[in-house]
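The values are calculated or read from the model by the stated rules, or taken from the named source; none is laboratory data. Source: prediction; values computed, not measured. No Cβ is skipped: glycine too gets one built from the backbone with ideal geometry, and neighbour counts run over all protein chains shown. Calculation scope for accessible area: heavy atoms of the full protein, side chains included, ligands and nucleic acids excluded. Shrake-Rupley method; radii C 1.70, N 1.55, O 1.52, S 1.80 Å.
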Amino acid sequence: MAKNKFLWGASLSAHQTEGAWNEDGKSPSVQDVRPRANKQIADFTVAVDHYHRYREDIKLLAEMGIKALRISIPWTRIIPDGVGEVNQAGIEHYQDVIQTILDNHMIPVITTYHFDLPEVLQKHGGWTKRAMIDAYEAYVRVLFTNFGEQVKHWLTINEPNIMLLSDQKILGFSYTHQERYQAFYNLMIAEKQAIKACHELIPDGQIGPVPNISYVYPATSKPEDIRAAMYFNSVRNWAYLDFSVKGLINPIFKSYLAATGINLTILPEDRELVSQNFPDFLGINYYTSATVEFPQVGQDRMNGVSDQQSEDVFEHGFYKGVTNKYLKKNDFNWTIDPLGLETTLEMINDRYHLPIMITENGLGAYDQLTEDQQIHDQYRIDYLNQHIQSMLKAKDNGVEMIGYLPWSALDLISVHEGIKKRYGFVYVDRDEQDLKDLKRYPKDSYYWYKNLIKKMEQKNE
Ligand code: BG6
């Protein structure tokens, strides 16, 4: 395969931006029907109305100088019943979105599925059921057949680790431990089917997984804490990448499963699929690092919700998240650790030797639109700059980096916190309940990123 040119880009997901949640044949996803009783946060019915404004949004993003735009396609628009009939309106919409990206001289990078499972499939047990693998395979084959001519960069399933380890609570259902890890296995097999189908249907295409990976530190040099970090690294990070890249169930993860009484149902026919289909590159989402200690007897989780992206992680007998006193936090209690990105990338490279595209990295913050309609987000510039420097050091140290696509291209509705937690280079004028005019305003970070891309590209010419 030809060497990849480094891509400066940005990322989005469909459900967090599009809105139009019931238009043109779309069915509800688990995100659309999510319970929001206690939090007055924006829902996804309108989001930032990207479904109707994608042409102006894509143009504005192209003017920022990015060369790649990551978006996701919602299963609910392509096969609204989850399985069966294809919705032609959905196909045509994304053909046009993708063509618009190409016409604006950007490369589309497409995630096949970003947290927004058709509700109808969740009602049948979702990923705990083996039938999901066939349903997903049929869906991605529709994507590859219809968009394979235009799209050569594909990402499989967004963050299966976060989806399984934390987000069920948010989505209003809860798997038992056994179901959760059977869902892990089914997701990993589904991903292998996507890799196989992509290579069959798009011979000049590339496909990679897109987990959320951050290296886990031990709280101290106590041997028990070292083991706590070893376990959490395997459960949170390596289990997903080992399966994808090496076709094996990580041995430490396996011992964790055995110790917690989990028995995975593995079919004999999976063996061939798993051992013959591998990704071309790795998409990595990185926001923060994690630090854990060995939990003392009698200790319990902090507030009952395990959130894999904050320090609130807990597993009896294995690990407990703690505050890392050496690191600062953002407004939403996520630890900021740019050096952790370098460590994470080098660890991934050491284990897997595949090209890496950063598919998410960014700062959720409260932004203010000033009276003269500007957004001075120096804190975001600082965060991004520090992480970019860290990525470049990893690159200098031999990691094959093929792209940086931070989160997010535009303001979008944060999965956990609504619109008040903003990530974008472009401000969208709405608040949690008041849609205002949804007007777009480039932030200071937009101009900074534009300048940086220009300089970096000149340097590499
Ligand atoms: C990643 C997801 O886990 O984290 C994104 O892929 C999400 O969809 C991002 O937006 C940040 O999380 P949050 O909860 O702040 O939106």
Does ASP337 qualify as being within 16 Å of the ligand (Cβ to nearest atom), at pLDDT 90 or above, acidic (Asp, Glu) and open to solvent by less than 50 Å² (accessible area, probe 1.4 Å)?
yes
Please determine whether any residue of region 353-370 is of a type in the set (S, T, N, Q) and in a helix (DSSP H, G or I).
no
Listed residues LYS454, LYS395, LYS420, LYS450; which is open to solvent by 10 Å² or more (accessible area, probe 1.4 Å) and within 15 Å of the ligand (Cβ to nearest atom)?
LYS420
Can you tell me which residue is most open to solvent (accessible area, probe 1.4 Å) among those in region 97-119 that are of a type in the set (D, E, K, R) and within 20 Å of ALA47 (Cα to Cα)?
GLU119
Among residues of region 141-168, those that are within 16 Å of the ligand (Cβ to nearest atom), open to solvent by 10 Å² or more (accessible area, probe 1.4 Å) and part of a strand (DSSP E or B), counted
0
Residue list for region 371-391, restricted to those being open to solvent by 10 Å² or more (accessible area, probe 1.4 Å), part of a helix (DSSP H, G or I) and of a type in the set (S, T, N, Q)
GLN378, ASN385, GLN386, GLN389
Tally up the residues in region 428-447 that are assigned to a strand (DSSP E or B) and open to solvent by 30 Å² or more (accessible area, probe 1.4 Å), please.
1
Evaluate region 398-413: report whether one residue or more is at negative phi, among the β-branched types (Val, Ile, Thr) and within 16 Å of the ligand (Cβ to nearest atom).
yes
Please list, ordered by first then second residue, the pairs with beta carbon atoms under 9 Å, 6 or more apart or interchain, first in region 204-222 and surrounded by fewer than 20 Cβ atoms within 10 Å (Cβ to Cβ), second among the aromatic types (Phe, Trp, Tyr).
GLY205/PHE144; GLY205/TRP154; LYS222/PHE294
Which one of these is modelled with pLDDT of 95 or more, within 21 Å of the chain's Cα centre (by Cα), closer than 21 Å to ASN285 by Cβ and in a strand (DSSP E or B): GLY403, GLY424?
GLY403
